[in-house]
Amino acid sequence: MSFFSNLLGGKSNSSAKVAKDRLTLVISHDRTDISPQLLENLRKEMIAVLTKYMEIDESNIDIGLDSNDRETSLVANIPVVRIKRGQPNR
Amino acid sequence: MSARVIVITSGKGGVGKTTSTANISVALAKRGKKVVAVDGDIGLRNLDMVMGLENRIVYNYIDVIENNCKLPQALVQDKRLKGYLSLLPAAQTRTKDAVTPEQMIELCDKLRPEFDFVILDCPAGIEGGFRNAAAGADEALVITTPEIPAVRDADRIIGMLESMGKSPIRLIINRFRPIMVQNNDMLSQDDVLDILSVDLIGVVPEDDGVIRASNSGEPLTFEQSTPAGEAYANIAARILGENVPMLQFDANSQSFLSGFKKMFGF
Ligand SMILES: Nc1ncnc2c1ncn2[C@@H]1O[C@H](COP(=O)(O)OP(=O)(O)O)[C@@H](O)[C@H]1O
Ligand SMILES: [Mg+2]
């Protein structure tokens, strides 16, 4: 939000802007209808699979659903510390 | 002839489905298309009154489905646009479960060869009434106002229409108030489109003429002299594939004059 539009219209905290922000947030939840529990289970299982192949930084994993343009994607950012060599240990 | 079957829907009630059905049907008929407006709101019918045809109803389409009469007997011809505009009324004393989606598809298929357009007025919500009314449609127009509950519910309906395979699905923003948008007190057209990511077919301004028109049973598009009437005539033209420019109302615009000009430019 530029200085001028703030000066002229106060758009940054206008009621229309507040409505848009609230709607954007709630609709992204509506569209993905996935429970935090389900996301947590997914996270645990993904970690279990991934650690067979690589050492990952579990404390900095970021997994979530992202909605735009009527499509939802699973976005995961998983820092890799080291790739394991050879066969995964079962 | 094989009609395009278009359902007019919304998630939230009272946002202008019946008003839009009547005005778009009249506007298309005035353009020389054979149109039938079908009242999908069984038990809560309004379209007959908004179109000013309530005194001419003998049968309804439940009678057709239950073989109490033939389809042409249930069609009410609008004498103001004779040969171009008809109403197919709903039953007022029945409930939504009086028909099944299959029966609605069959009904639409009976209408297809007789008309250029079948316009279905839909009940609000995402329940059986909506599913019935939408079942026979190829395309959908979703109505919303620029307010939080209506936009949120519109998103739900759009998702459902997509999963039902309707295409195209296009949006009408109704009861738009340029001055409020100008003052950043109402979501702009661009805000609503950003949120819903769907194609826009028109913006209809808030207009006292809408209420006067429903008082008298004469949809605005008969005259077209008011802002909402003009907006609906433009929507009809866009349905016909015409490239009528969509005047952008820019909420960031600080010029009162441009906002004022645009106000009359729907
Ligand atoms: N553009 C508009 N300007 C002013 N009033 C409107 C407008 N559109 C709809 N209305 C009013 O809103 C009310 C609900 O409209 P209606 O078409 O019956 O909605 P729905 O069929 O979605 O329930 C009616 O009283 C109608 O006159
Ligand atoms: Mg209605």
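The values are calculated or read from the model by the stated rules, or taken from the named source; none is laboratory data. What you see is a predicted model, and the numbers here were worked out from it, not measured in a lab. Quick reminder, even Gly has a Cβ in these numbers, built from the backbone with ideal geometry, and neighbours come from all protein chains shown. These accessible areas exclude ligands, DNA and RNA; they are computed on the full protein's heavy atoms, side chains included. Shrake-Rupley method; radii C 1.70, N 1.55, O 1.52, S 1.80 Å.
A few points about this structure:
- The slack between B:Ser2 and B:Val58, meaning 0.36 nm per residue of separation minus the straight C-alpha distance, is 17.5 nm.
- Cα convex hull of chain B, projected area averaged across orientations, nm²: 12.9
- What the Cβ-Cβ distance of B:Asp208 and B:Asp97 gives, at R0 = 56 Å and to the nearest 0.05, is a FRET efficiency of 0.90.
- DSSP-defined beta bridges in the protein assembly as shown - what % are antiparallel, rounded to 5: 30
- Mean sequence separation of contacting Cα pairs (under 8 Å, at least six apart), scaled by the length of chain B, corresponds to a relative contact order of 25 percent.
- In terms of packing, defined here as the mean over residues of other Cβ atoms within 10 angstrom, the peptides B:72-85, B:38-51, B:231-244 line up highest first as B:38-51, B:231-244, B:72-85.
- Heavy-atom accessible surface of the range B:4-264: percent carbon and sulfur, 1.4 Å: 48
- Dipole in debye (nearest 20) - chain B, about Cα centre, beta carbon charges: Lys, Arg +1; Asp, Glu -1: 620
- Cα gyration tensor shape of the protein assembly as shown, rounded if a/c is under 1.5, else prolate or oblate by comparing a/b with b/c: oblate
- The Cα atoms of the range A:21-83 define a convex hull whose projected area, averaged across directions, is 5.0 nm².
- Counting only aspartates and glutamates at least 8 places from B:Lys34 when in the same chain, those with an alpha carbon closer than 12 Å to its own are B:Asp78, B:Glu114, B:Asp116.
- Links that overshoot a 32 Å alpha carbon limit, given the list A:Lys20/A:Lys52; B:Lys17/B:Lys82; A:Lys17/B:Lys30; B:Lys12/B:Lys70; B:Lys33/B:Lys96; A:Lys20/B:Lys17: A:Lys20/A:Lys52; A:Lys17/B:Lys30; B:Lys12/B:Lys70
- Computed accessible area, A:Val80, all protein chains, 1.4 angstrom probe, square angstrom: 80
- Contact order for the range B:196-246, expressed relative to its length and based on alpha carbon pairs under 8 Å spaced 6+ residues apart, stands at 36 percent.
- Within the listed set B:Asp190, B:Asp155, B:Asp116, the Gaussian network model of chain B (springs between alpha-carbon atoms below 10 Å) gives the highest mean-square fluctuation for B:Asp190.
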